[in-house]
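First the structure, in the form of structure tokens, and then the observations on it.
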């Protein structure tokens, strides 16, 4: 029996493209038009793409939540070492390992037990009486 393994990275890119195609296109155009200072000129487009991605691709939001300390650590390192960002390779490796660990969830996001579902699990099964639907 063959087991289907979805490439989460490829699927994530497809979902971002599907749901945030306009934001992605605007960000790409801005970067292309501003090769010298795109990191400063394209902040608005970058933020719009990030928000759209978080809102529409649950795995992105999940990874950002789980890896937030590593993201902040890496960002701070890069800001402090703009002249030589290679100093931040250890921070980047830690961030990479976190995203690898938490990015293997299905695109629907992490499983969650809702309080009502938890109550159903704790209660004994119904007696079987009552309407069951149908014609």
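The values are calculated or read from the model by the stated rules, or taken from the named source; none is laboratory data. In this text, all values refer to a predicted model and were calculated from it rather than measured experimentally. Reconstructed Cβ throughout: ideal geometry from the backbone, glycine too, with neighbour counts over all protein chains shown.
Which of (1) surrounded by 10 or more Cβ atoms within 10 Å (Cβ to Cβ); (2) outside the structural domain of residue 19 (by TED's automatic domain parsing); (3) modelled with pLDDT of 85 or more is the odd one out, the single condition residue 43 does not satisfy?
Looking at each condition in turn, residue 43 falls short on (2).
Does at least one position in the stretch 114-135 carry a residue that is in contact with a helix residue (DSSP H, G or I) (Cβ under 7 Å, 6 or more places away or on another chain) and modelled with pLDDT under 90? Spell out how you get there, then give the answer.
From the stretch 114-135, those in contact with a helix residue (DSSP H, G or I) (Cβ under 7 Å, 6 or more places away or on another chain) are none; that's our starting set.
No, the stretch 114-135 contains no residue that is in contact with a helix residue (DSSP H, G or I) (Cβ under 7 Å, 6 or more places away or on another chain) and modelled with pLDDT under 90.
Among the residues of the stretch 56-90, write down those that are without any contact (Cβ under 8 Å) to a residue 12 or more places away in the chain and either touching a strand residue (DSSP E or B) at 6+ places or on another chain (Cβ under 9 Å) or under 23 Å from residue 17 (Cβ atoms) (or both).
64, 65, listed by residue number.
State whether one or more residues within the stretch 91-103 are closer than 30 Å to residue 18 by Cβ, part of a loop (DSSP other than H, G, I, E, B) and modelled with pLDDT under 95.
Yes; the residues of the stretch 91-103 include at least one that is closer than 30 Å to residue 18 by Cβ, part of a loop (DSSP other than H, G, I, E, B) and modelled with pLDDT under 95.
Looking at the stretch 15-23, can you tell me whether even one residue there is farther than 19 Å from residue 96 by Cα, modelled with pLDDT under 90 and outside any loop (DSSP other than H, G, I, E, B)? Full working, then the answer.
Residues of the stretch 15-23 farther than 19 Å from residue 96 by Cα: 15-23.
Restricting the remaining residues to those that are modelled with pLDDT under 90 gives 15.
With outside any loop (DSSP other than H, G, I, E, B) added as a condition, the list becomes 15.
Within the stretch 15-23, one or more residues are farther than 19 Å from residue 96 by Cα, modelled with pLDDT under 90 and outside any loop (DSSP other than H, G, I, E, B).
Looking at the structure I just gave you, is residue 109 modelled with pLDDT of 50 or more and surrounded by 10 or more Cβ atoms within 10 Å (Cβ to Cβ)?
no
From the list 11, 81, which one is over 24 Å from residue 101 (Cα atoms), at pLDDT below 95 and surrounded by fewer than 16 Cβ atoms within 10 Å (Cβ to Cβ)? Let's see the steps before the verdict.
Details: 11 fails: over 24 Å from residue 101 (Cα atoms).
Every option except 81 fails the conditions.
So how many residues does the stretch 46-66 have that are modelled with pLDDT of 95 or more and assigned to a loop (DSSP other than H, G, I, E, B)?
Matching residues across the stretch 46-66 total 0.
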